[in-house]
Structures are given as C-alpha cells and as structure tokens.
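This report refers to the structure that appears directly beneath it.
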Amino acid sequence: MTAILTEGLTKNFGELCAVNGLDLSIDKEIFGLLGPNGSGKTTSVLMLTTLLTQTKGSASICGHDTRLEPEKVRDCISYVPQDMAVDTNLTGRENMLIFAWLYGIPNPKDKVDELLAVMELSDRADDLAKTYSGGMRRRLELAEALVHEPEVIFLDEPTIGLDVAARRNIWTHIKKMTKKGMTIFMTTHYMDEADQYCDRVGIISRGKIAALGSPSVLKAHLMKDVITVTIEGDYSPVQLDGTVFVGQSDDAISFTVENGREALPLLADVLKQAGNRVKAMSLREPSLDDVFLQSVGKQEEPKGFEEFKFHMMLHHRGH
Amino acid sequence: MKGVTTYIYRDFIRWIRYRVGVISSLVLPAAWLLFVGLALPVTFTGNYLDFITPGILVMTILTAGISSGSLLMFDKILGFLNKFLAMPVPRESILISKILFISIRGLIQATIILILAVLIGATMMNPLQYGLVYLILFLFGVFISAFSTTVALYLDDHDSFAAFTAMVTMPLFFTSSALMPYSSMPDWLSAIAHVNPLSFAIDAIRDVGTGSVPVVPILLLLVFTAVVVVLAGYVFRKVTV
C-alpha cells in the first residue's frame, strides 16, 4: 500500500490557488518538497496531515482517505511543524511523556527512555528544555514524533535555523528512520540538503509540481556543465548555439552547455557584444539549485508570501 | 479522557513552573479582600467581610477565566495546536482541557480566599454550604473560560485579545453587586447590576451564606454555561477544520 497518494489535490483560498492539482505517489523513501515561499509547500503538508480540507481532489495516507477517515490517518502519521514547538519549562522527558500519554502507547516510560537514547538526549533528559540548543530541541521533536511508531512522518523545514553540525546530525537520524521502513515527507529551502539526502524531490512553483524525480535524474536532464555569469547592471538576453539559458537569480545568470570548456570563451564574446558588463564567469557541474532555478524561474518577490499569509489568516478567521 | 487529563497535566505543570504567575494570581485577590474588605469604612451591612467575600471570589474566577483564551491562542501561535490536531486524540479534548484547567485553577485560588476570609473574621459556613459555593464558582468558571476561549478563537491575535480582556473585566466587576447591595446603588447602576452575569453568581453565593439553597440560579447558571460551551465547541470545530 502506498504511504502517500494524492490525486488532483487542490486548495483555493478565495481567488488564490495555493495548491493546484497535486499528483504524488510516495512510499518508503525520503521525499523533499522544494519551492519558494508561498509556492504551496505548507498548504500541501497541512492537507496531507488533515489540518486543512482540500477544495478538490483527494489524498490518502496508508490507504486511508484524509477527508473520510482523518482519525485513521492521524494514527499512522506524525507531524513536526517548523515552529520548534517544545514546552521550554518542561524537561525533555516530560515533553516526551506527554506525547506518549496522548498516543496512549503501552509502557510509556520505557518507550520514552528508548527514544531519548536514540536521539542522544539521555544525559540531558531531566533538564528543562529551555536549556537545550536548537539542534537538541529538534531532536526532541523527532523523538516525540516517533513515539507511536508512525508509518509516515511529515517534517516542515526540519533543519531551519540550525548550524551545520546540528543539521548533519538531524539528517543522520532522519536517514535512520527510513531504514526502518518509514516514509518521510519533508519541505526544505536547502537545495544542498535535498540533493544529498532526499531519494526523490518535487519542485513546486505557484501551486504546481514543476519537476519530480531523484536529484541525480533531474540534474541529468540539464546538460553536462553549468556556466554561471555574474554581470553588472541589467542583463540583455543572448543566443548561442549549444547553450541553454537556465535562469537568473540576482546578478547571476546560468546557462547549461554540453561542453563547458569550449563554450566559455564563445559565451563571453556574445555577452559582451550584446552590451552586458561581465564581472565573472564560472564553470561547474549542475546542482539541484540549477534544476530549481530552471523549474521555478525568477525567485518570487517576498510580496507573494505576505499575500499568501494574509489569505491564510482570512481563512483561519472563518471568512 | 486520557487526552483531557494529559492536556490538563501539561497546562498545570507549565503554570506552577511559572512562579510569578502563581504568586500574582494569589496575591491580587488577597489584596482585594484585605484592602476592600477591611479598610473601607462601610456602614450598609453588618459584617462587610461576609458581604464582600462572594464578590471577591467571583472576581477571582472572572480574572482567572477571562484570560483563559490566551492559553489556546499561544498554543496556536507557537505551533503546538497544529501538532495536537494532527494526533489521533479527539480534537475536542484540547478545548475541554483548557476550560477545565482554568476552572480548576480558579477553584484553587478561591480556596485561598475562603481560608483567608475566615482568618480575618468572616463567618465560617458548614460543609454543604462550601460545596454549593464551589459548585457555583465552578459553573461560573466554565462559563467564563468557554466564553473567553470563543472570543480568543475569533480574534486570532494576542494584542486584540489583551485589549478585550482589559475592557471587559473591570467594568463588569464595578457594575455588579460585588461591592454594595442593590439598595445602596443609584438607580442606573442597580439596573445594570441586575442583568450583569457576575451579580448572578455573587447573589447565588450570598444566598448560600444566608442558609438557603439557590436552586433556580444554579439551574439557570447551568443552562447558560451549557449554551456557551456548545458555542465554544462549534467555533473550535469551525476554526480547526
């Protein structure tokens, strides 16, 4: 049975279409949903975790429809939002026990001890959570999420705001969970992490999936090399046989080419002729960033995010 | 049921760990009792302490209960609510636990006031009377905290909610029968006091003090409370689709 299955999953907030016809089939893997702010990542997660009802389409988790059998869905999932919601005036153990009791699992004390050990929190278990570092709080949340041995875990930006070491540590733990047959559905902004750790990624832009597949396959769709050009002032577009424009972010413009070494001087000439002031050029292998840039296009302005939040707010007020 | 008791346990631990909050919630009503009950040169009743104590009790439940909405609001703002809503625990148990926790916490504060009142000269009542007082205070606590939670779910941001509670609490208290009997009030105030829900609970407790059992007020309070709880449940379900 597929862990997560969606068919034409759609959510409208009034005029705004936050998620538009999502078709996904995810099972026993780490799936990363990538996209700019306001692209529909969180809305998708909220629908899959039964916190929001879709406008159209359907979703099922472990064979249970999210709308028809929400209780059964909640039985087999865990959801860790990005807010780091840990009771700071409670100890790590107390935080965990509350979740164990809420899920009604047998032998809550033993289970809590076991998971605190798994997450390397045993020696700090009886300290108040407010003395924990960001990485420890995140691990505590992961431990809470594992208490009832869910089949699917939803993680919203699991490594946001953490330092490099803590991020790597969190990923090690997430990897371990999939080894036990769990399905991980996560959203992230960090392309390098998605590239390194996700089995498959979906890039979502304006509510629609723009690219779907394993990072290596997606990268292979681009040509062999990527040339990034830093320019001063506005970019006037150029055409050169054998090079494909990928996208622009700030003053960096990317192209893919089959043979970078040969194309580099040619591209420099063409750019100069078109009146561009080239500051620097670099040649490298494609990364998930390039795939992202190509699928999403120019990064959306923060304005789109505010508008989206505003709509969410209106929705929550019941208008 | 397991859900309700666990949520109450969580809020209770969080409350007692926040020591300033505990102390302030006990000091404030005690200060009222001492300063107003003992210091005011009042001549319209025999034992003014006996008269003022029900007023202070109900005021305590009011101030404790009216802010209860912020508990759920903070759970929502900080991301706890979404975690809890994604669990198999019946969702209503979140709302029920908040209302019960606030009401029970109010009764703990009320106990301190009742003890203090007797210590400084109020008349001791019999166990049945105390039982009735607790029943009335509990119903009133559920009434107020369900009302407050409903408002909090609608308002959705903490500043508006704080403004709302400040606006409601003091006017409600001063236009009730807490401080003086209806006979000593100007006509306009007496008219307002008669329809004030606070007076309703205060008068019922005073009736208990005189030895009667206020069956009708208790039943009415029960009906009002049930209505507000159903309303709170409706709004909660609507907000958490």
(Q) Helix-only estimate, please: 222 nm mean residue ellipticity of chain A, summing -39500 (n - 2.57) across DSSP H runs of length 4 or more and dividing by its residues, to the nearest 500. (A) -11000 deg cm²/dmol
Q: With no solvent and one equal point scatterer per Cα, compute the Debye intensity ratio I(q)/I(0) for the protein assembly as shown at 0.11, 0.13 Å⁻¹ and report its log10, rounded to two decimals.
A: -1.02, -1.24
Q | Per-selection metrics, the stretch A:1-153 (Cα): Rg and Dmax in Å | A | 17.1, 52
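Counting heavy atoms of the protein chains only and a 1.4 Å probe, report the per residue accessible area for the protein assembly as shown as a whole number of Å².
Values: 25100 Å² over 560 residues.
Ligands and nucleic acids excluded, the figure is 45 Å² per residue.
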Q.
In the stretch A:26-52, what residues drop by 20 Å² or more of accessible area when the other protein chains are put back, versus the chain on its own? Use 1.4 Å, and skip ligands and nucleic acids.
A. A:L51
Q: Quantify, in whole percent, the carbon and sulfur part of the accessible surface of the stretch A:132-212 (1.4 Å probe; protein heavy atoms only).
A: 50 percent
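List the DSSP H helices in chain B whose Cα atoms stretch 24 Å or more along the helix axis and whose mean Kyte-Doolittle hydropathy is at least -1.0.
B:48-66, B:92-119, B:127-155, B:158-174, B:215-239
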Q: Calculate, for B:F35 and B:V213, the FRET efficiency according to 1/(1 + (r/R0)^6) with r their C-beta to C-beta distance and R0 30 Å; round to the nearest 0.05.
A: 0.40
**Q.** Whichever aspartates and glutamates have a C-alpha closer than 15 Å to that of A:K130, once near sequence neighbours (fewer than 8 apart) are set aside
**A.** A:D83, A:D87, A:E94, A:E141
(Q) Which of rounded, prolate or oblate describes the stretch B:1-60 when judged by the alpha-carbon gyration tensor and an a/c cut-off of 1.5? (A) oblate
Q | B:R17, A:R74, B:R237, ranked by accessible area, largest first (probe 1.4 Å) | A | B:R237, B:R17, A:R74
Q. Which whole-number percent is the relative contact order of chain A (Cα, under 8 Å, 6+ apart)?
A. 20 percent
Q.
Suppose only helical runs count, i.e. DSSP H with n ≥ 4. What mean residue ellipticity at 222 nm does that imply for chain B under -39500 (n - 2.57) per run, divided by all residues and rounded to the nearest 500 deg cm²/dmol?
A. -26000 deg cm²/dmol
Q) Just how large is the dipole of the stretch A:223-301 about the Cα centre, in debye to the nearest 20, putting +1 at every Lys and Arg Cβ and -1 at every Asp and Glu Cβ? A) 240 debye
Q) Relative contact order of the stretch A:10-169: what whole-number percent is it, with Cα pairs under 8 angstrom and at least 6 residues apart? A) 23 percent
Q | Percent carbon-and-sulfur accessible area, the stretch B:6-97, ignoring ligands, DNA and RNA, probe 1.4 Å | A | 73 percent
Q. From the cross-link list A:K176/B:K2; A:K175/A:K224; A:K179/B:K76; A:K111/B:K2; A:K11/B:K76, which pairs have alpha carbons spaced over 25 Å apart?
A. A:K176/B:K2; A:K175/A:K224; A:K179/B:K76
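With the cut-off at 1.5 for a/c, could you classify chain A from its C-alpha gyration tensor as rounded, prolate or oblate?
Values: a/c = 2.22, a/b = 1.75, b/c = 1.27.
Prolate shape, in that a/c is at least 1.5 and a/b is the bigger ratio.
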Q: Mind giving me the FRET efficiency for A:S236 and A:K130? R0 is 56 Å, r the Cβ-Cβ distance, nearest 0.05 is fine.
A: 0.55
Q: Enter the buried accessible area of the B/A pair, total of both sides, probe 1.4 Å, in Å² rounded to the nearest 100.
A: 2700 Å²
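The values are calculated or read from the model by the stated rules, or taken from the named source; none is laboratory data. Remember, predicted model here, so these are calculated numbers, not experimental data. Cβ coordinates were reconstructed from backbone atoms using ideal geometry, including for glycine residues, and neighbour counts include every protein chain displayed. When the accessible area is computed, the model is the full protein with side chains, heavy atoms only, and any ligands, DNA or RNA have been set aside. Shrake-Rupley method; radii C 1.70, N 1.55, O 1.52, S 1.80 Å.
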